[in-house]
Amino acid sequence: MKALVLEKPGLENLKLKDLDVPNGEGVLVKIVIAGLTMLDYMSVSKGENTPVIPGVEFAGIIEEGEMKGKKASIYTRTFDGTCKMCKRGMEMFCLSGKRMGIDVNGGFEEYIRVPRENLVVSDLPWETLASMSISALAPYHALKTADIKRGDTVVVLGASGNTGIFSLQIAERLGARVIGITNGPLRISRYTFTYDEAEERVKEITDGEKADVVINQLGASKFPLALKLVRKGGKIVVFGTMQGKDTNLDLSWLYLNHVSIIGTVRGTLKEMMELAEICKDCNPYVWKELALEDGSYALSLLFSKQRKGRVFLKIG
């Protein structure tokens, strides 16, 4: 089988190789498609556990067992189901768990073996299935943790990125009024504004009250803006630091405005199963689909100023 193997850190070290189809434990899956994420880019750039096959978000066809022939998205965090975190329903913090595509082999290959419990069987379109484990799950978990209510105003910073695309769509399906903030060319929300326009337009739309929830998946560079966009008693949810991890915060402002700052990461297996229902008509906004051997180039496209949607690798 063909696989992209990262031998040492750096995009230039992602090499197409011929490998044996994996055997051993788990269910064999023929990978059809992988969605590319910033986590893929960071893991390839840093190369924490090389050699490894990257790919943190993918879907395929089950090749054996009672579910043979069915389409499935893969929950890409392994878990034992017995540790204290798993018993709390937080598999993403499993004490013995591994991250597929980072700690163990992921989806940039034609075949993979995964634990049966990591299979989320669904007939959703392939591009949606290959967006569920990170791009859709991370914002869904964030929105659930923020406990948004029908009629809440949710502002999404980075609204044209992978998780931004799904943050807007999922929040809307949960009953929120959504406002997207981006300088990118993709605008999927009725209310979409640039960063320079954001403060004025959010105040205008909310009659000066501002947002109940601000989703910041970009990090420190957008944190000061998030503080300006959230209402008194509102919430800011952070689940990404691509644009910086260190920031300053006036704690007196925080408590005087009764604002909650929440950090979230990934999501649970149960939530991913819920997504298969919630996202039946979600649009992954496909921009480019490339072949497996173009993996390095495809990852570089994540930073293109012309990008209007997601980048995928078509594998099977």
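The values are calculated or read from the model by the stated rules, or taken from the named source; none is laboratory data. Everything numeric here is computed off the predicted structure, so don't read it as measured data. Note that we place each Cβ from the backbone using ideal geometry, even for glycine, and neighbour counts take in every protein chain shown.
Results, tabulated for the structure shown:
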quantity	calculated
Single condition LEU249 does not satisfy, out of (1) over 30 Å from GLU209 (Cβ atoms); (2) at pLDDT below 95; (3) aliphatic (A, V, I, L, M)	(1)
Residue check for LYS270: more than 21 Å from GLY180 (Cβ to Cβ), in contact (Cβ under 8 Å) with a residue 24 or more places away in the chain and not assigned by TED's automatic domain parsing to the domain that holds GLU57	yes
Selection count, region 126-175, where residues are under 14 Å from LYS280 (Cα atoms) and basic (Lys, Arg)	1
Selection count, region 183-214, where residues are β-branched (Val, Ile, Thr) and either in a helix (DSSP H, G or I) or farther than 24 Å from LYS149 by Cα (or both)	3
Hey, GLY219 under 21 Å from the mean Cα position of the chain (by Cα) and either closer than 21 Å to THR128 by Cβ or of a type in the set (Gly, Ala, Ser) (or both) or not	yes
Failed criterion for THR264 (all others in (1) buried (at least 18 other Cβ atoms within 10 Å of the Cβ); (2) of a type in the set (Ser, Thr, Tyr); (3) modelled with pLDDT under 95 hold)	(3)
Test set (1) at pLDDT 95 or above; (2) surrounded by 20 or more Cβ atoms within 10 Å (Cβ to Cβ); (3) not acidic (Asp, Glu) - GLY240 fails condition number	(1)
Qualifying residue in region 49-62 (condition: of a type in the set (D, E, K, R), over 17 Å from GLU110 (Cα atoms) and either without any contact (Cβ under 8 Å) to a residue 12 or more places away in the chain or assigned by TED's automatic domain parsing to the domain that holds PRO125 (or both))	no
Residue, nearest to the chain's Cα centre (by Cα), within region 7-24, restricted to residues that are touching a residue at least 40 places away in the same chain (Cβ under 8 Å) and part of a strand (DSSP E or B)	LEU14
Boolean, ILE181 is buried (at least 22 other Cβ atoms within 10 Å of the Cβ) and of a type in the set (A, V, I, L, M)	yes
Criterion: more than 27 Å from LYS288 (Cα to Cα) and either surrounded by fewer than 24 Cβ atoms within 10 Å (Cβ to Cβ) or touching a residue at least 40 places away in the same chain (Cβ under 8 Å) (or both) - qualifying residue of ALA198, ALA136	ALA198
Verdict on ALA142 being within 26 Å of ASP80 (Cα to Cα), among the hydrophobic types (A, V, I, L, M, F, W, C) and touching a Gly at 6+ places or on another chain (Cβ under 7 Å)	no
Qualifying residue in region 117-127 (condition: within 23 Å of SER304 (Cα to Cα), out of contact with any helix residue (DSSP H, G or I) (no Cβ under 8 Å at 6 or more places or on another chain) and assigned by TED's automatic domain parsing to the domain that holds ASP294)	yes
Strands (runs of 3 or more DSSP E) contained in region 66-177 and holding at least 2 residues touching a Pro at 6+ places or on another chain (Cβ under 8 Å) and modelled with pLDDT of 95 or more	111-114
Counted residues, region 33-52 - those being surrounded by fewer than 21 Cβ atoms within 10 Å (Cβ to Cβ) and either touching a strand residue (DSSP E or B) at 6+ places or on another chain (Cβ under 9 Å) or in a loop (DSSP other than H, G, I, E, B) (or both)	5
